[in-house]
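Let me begin by presenting the structure, written as structure tokens, before commenting on it.
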Amino acid sequence: MAVRSVFRFVNWVLLLDTSGSPPIFELECTSCGTSSEAAGAPAEPQEWALKHASRTGHTMFRAVHTSFFRATRTEARPSPP
């Protein structure tokens, strides 16, 4: 009995997944390490950063933006024979 292998190569693509959680925004002070609350829009973390800067004199912040992606095949899987 001969063993036979069949290889099928499938292309994949990463797509932004908007079906679940929206993007998450956060700002972190690079001087002291404190950070804003995570939010669904950048306005709240930006407001936190400005208040933090006025209270502490810290002026550098790291933006953390989390988005979700889903790996998807670019072609349909064939039906078994």
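Nothing in this text is a laboratory measurement; each read-out follows from the coordinates by a stated rule. These numbers were taken from a predicted model, which means no experiment stands behind them. Here the Cβ positions follow ideal geometry from the backbone for every residue, glycine too, while neighbour counts run over all protein chains shown.
Is it true that residue 62 is within 30 Å of residue 7 (Cα to Cα) and surrounded by 11 or more Cβ atoms within 10 Å (Cβ to Cβ)?
no
Taken together, the residues in the range 22-57 that are surrounded by fewer than 16 Cβ atoms within 10 Å (Cβ to Cβ) and in contact with a helix residue (DSSP H, G or I) (Cβ under 9 Å, 6 or more places away or on another chain) amount to 5.
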